[in-house]
Amino acid sequence: MGEKVVADRFDLSDRRRYRQKLHACLQGLRQLLEEKRFDRPRNLMGLEIELNLADAEGQPLMVNAEVLQRIASADFQTELGQFNLEVNIVPHTLSGRVLDQLAEELRTGLAYADRQAREVDARIVMIGTLPTLTARDLTSASLTEVDRYRLLNDQIMATRGEEIVLDIDGVEHLTSTSESIAPESACTSVQLHLQVTPARFADVWNASQAISGAQIAMGANSPFLFGHELWRESRIPLFQQATDTRSPELAAQGVRPRTWFGERWISSAYDLFEENLRYFPALLPICDEEDPERVLATGGVPTLPELTLHNGTIYRWNRPVYGIMQGAPHLRVENRVLPAGPTVTDVLANTAFYYGLVRALADDPRPVWQRMPFEYAERNFEAACRYGIEAELWWPRAGRGGLARQPATRLVRDELLPLAATGLDAWGVEPADRDRCLSVIEERCRLRVNGASWQASAYRRALESGLDREKALAAVTRAYCDRAADGAAVHTWDNGP
């Protein structure tokens with residue numbers, strides 16, 4: 001969805017024609033796979049972080065156009081809400097001092113962007129959901145003035161045919177309605193990309209699905225929405241509900257939501273693209289002139305524009321991506337599970353944990369997805385979203401068969417961190433960088449602290465000091481920003497306001 005999209009209306013015939021083009025693209029993908037035309041392994045990873053803009057009091061500030069004008073870098077782009085930005089880090093090879101290089105690039109880029117933001121009295125906040133957001137902040141007027149966002153909003157709302165209903169029952173119970181998809185902009189995340197060969201794709205995607213619960217348990221950072229304390233990673237149900245094109249009746253019939261964990265382990269990347277066509281009608285039926293069959297017949301590489309656009313409107317937590325680089329097609333797994341923040345140190349710890357663990361599990365001759373039913377991966381994901389670092393997760397028993405349920409902190413500390421270290425070694429990552437990043441995850445387990453638990457504890461202390469709910473959330477946000485500016489991992493922070 002990062003490509004420029006321009007259209008103001010669709011004729012009745014557009015969806016039928018688009019569907020035909022989608023099937024032509026899918027056939028083109030199949031042919032590319034069968035002919036083994038994909039790029040050779042290059043161990044490339046990529047990183048994107050969505051950001052918030054807030055004022056000195058911690059309130060959202062709708063000034064992304066002004067900030068981007070001052071930043072004047074292609075590395076920073078718009079996002080859905082006018083209080084959002086996104087930073088993209090160029091692809092890196094997963095080896096050597098890559099973690100240290102990423103940390104330096106992120107710190108330099110974010111510090112520069114923050115200096116530019118302060119020119120318009122804003123500050124950059126790296127957090128899963130800004131605690132001070134209210135429903136009043138998230139209306140159609142707060143959407144970024146870019147064609148693709150407006151068009152996407154119009155199509156989702158037209159397809160749904162009624163208001164979006166947010167209904168999240170956690171520590172407290174929130175119900176709210178919206179006449180636009182603007183609540184989605186409250187969700188700011190980290191997206192981790194890994195380029196893989198077709199033969200490797202299924203193993204990497206399955207591994208990513210299997211560890212999504214552990215990722216959230218360690219990295220949860222979104223406990224508040226609209227003044228309510230909800231799930232430890234409230235961003236997940238919020239995103240699903242804010243992009244839901246289904247009426248309640250269609251949901252009751254089992255129609256799949258566009259934000260989707262999935263329902264099975266896969267054997268090929270083709271499985272996911274084929275599911276996209278089978279289950280999800282087009283939101284943006286914009287047809288390109290490219291004829292994939294003709295391009296392939298002349299020895300070229302098709303861009304498959306309809307397939308990639310359609311894929312961008314289906315929000316899997318681990319998404320398949322088709323792209324072309326230097327004339328060669330490639331596949332990526334895009335891991336979309338993690339919230340942003342709290343600091344670069346925390347983001348790099350989460351990054352190392354993911355890439356190390358996914359490599360170790362994909363290399364395992366007895367992979368976890370052959371020993372754990374898919375439904376347990378989904379259970380883990382929901383439990384981690386609800387309870388964060390206090391979640392209990394299911395995992396195969398080592399050497400004995402069957403599944404055991406245990407605290408996420410124990411599972412990660414005793415089983416998953418050693419696997420992540422093994423995986424980073426397999427990538428050839430510098431051992432000192434490996435240990436520094438993974439030690440952050442280990443300390444979170446020992447202290448039972450991550451971004452969400454710190455925010456929730458700080459909020460309770462603010463309430464106990466006599467502040468009302470609104471002022472307490474503002475105090476938490478300011479304290480979070482002040483501590484994040486120092487760059488130290490969240491488990492080292494003091495107790496807050």
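Here is a yes/no grid of residues against (1) of a type in the set (Ser, Thr, Tyr); (2) buried (at least 20 other Cβ atoms within 10 Å of the Cβ); (3) at positive phi:
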position	(1), (2), (3)
Thr308	yes, no, no
Arg319	no, yes, no
Asn335	no, yes, no
Gly341	no, yes, yes
Leu348	no, yes, no
Thr351	yes, yes, no
Tyr354	yes, yes, no
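Within the set of pairs 6+ apart or on separate chains, which have a first residue in the stretch 86-101 that is within 13 Å of Tyr355 (Cβ to Cβ), a second that is modelled with pLDDT of 95 or more and aromatic (Phe, Trp, Tyr), and C-beta atoms under 7 Å apart?
Going by the 7 Å Cβ cut-off, the qualifying pairs are Leu94/Tyr355; Leu94/Trp427; Ser95/Trp427.
Going through the stretch 279-303 one residue at a time, which ones are over 28 Å from Tyr315 (Cβ atoms) and assigned to a loop (DSSP other than H, G, I, E, B)?
Asp291, Thr298, Gly299, Gly300
For the stretch 88-134, which residues satisfy the criterion of being touching a strand residue (DSSP E or B) at 6+ places or on another chain (Cβ under 8 Å), assigned to a helix (DSSP H, G or I) and surrounded by fewer than 17 Cβ atoms within 10 Å (Cβ to Cβ)?
Gln101
List pairs: first residue in the stretch 359-385 and more than 24 Å from Leu94 (Cβ to Cβ), second residue surrounded by fewer than 17 Cβ atoms within 10 Å (Cβ to Cβ) anywhere in the structure, Cβ distance under 6 angstrom, at least six positions apart or on different chains.
These pairs meet every condition: Phe374/Arg264.
When you look at Thr313, is it under 30 Å from Leu130 (Cα atoms) and among the polar types (S, T, N, Q), yes or no?
Details: under 30 Å from Leu130 (Cα atoms): yes; among the polar types (S, T, N, Q): yes.
Yes, satisfied.
Filter the stretch 140-169 down to the residues that are farther than 24 Å from Gly312 by Cβ and β-branched (Val, Ile, Thr), then identify the one that is surrounded by the most Cβ atoms within 10 Å (Cβ to Cβ).
Once the filter is applied, the top-ranked residue is Ile168.
Would you confirm, using the coordinates I've provided, whether Leu85 is part of a helix (DSSP H, G or I), crowded, with 18+ Cβ neighbours inside 10 Å and either among the hydrophobic types (A, V, I, L, M, F, W, C) or in contact with a helix residue (DSSP H, G or I) (Cβ under 6 Å, 6 or more places away or on another chain) (or both)?
Judged against the criteria, Leu85 is not a match.
Take the residues in the stretch 255-278 that are in a loop (DSSP other than H, G, I, E, B) and farther than 19 Å from Gly161 by Cβ, then tell me which one is nearest to the chain's Cα centre (by Cα). Full working, then the answer.
Quick first cut of the stretch 255-278, residues in a loop (DSSP other than H, G, I, E, B) only: 255-258, 261-268.
Filter once more, so that each one left must be farther than 19 Å from Gly161 by Cβ: 261-268.
Details: Phe261: 12, Gly262: 15, Glu263: 18, Arg264: 20, Trp265: 20, Ile266: 20, Ser267: 23, Ser268: 22 Å.
Restricting to residues being in a loop (DSSP other than H, G, I, E, B) and farther than 19 Å from Gly161 by Cβ, the top hit is Phe261.
Going through the stretch 155-191 one residue at a time, which ones are assigned to a helix (DSSP H, G or I) and more than 23 Å from the chain's Cα centre (by Cα)?
Ala158, Thr159, Arg160, listed by residue number.
The values are calculated or read from the model by the stated rules, or taken from the named source; none is laboratory data. Quick caveat, the model's predicted, so the values are computed rather than measured. Here the Cβ is made from the backbone with ideal geometry for all residues, glycine too, and neighbour counts use every protein chain on show.
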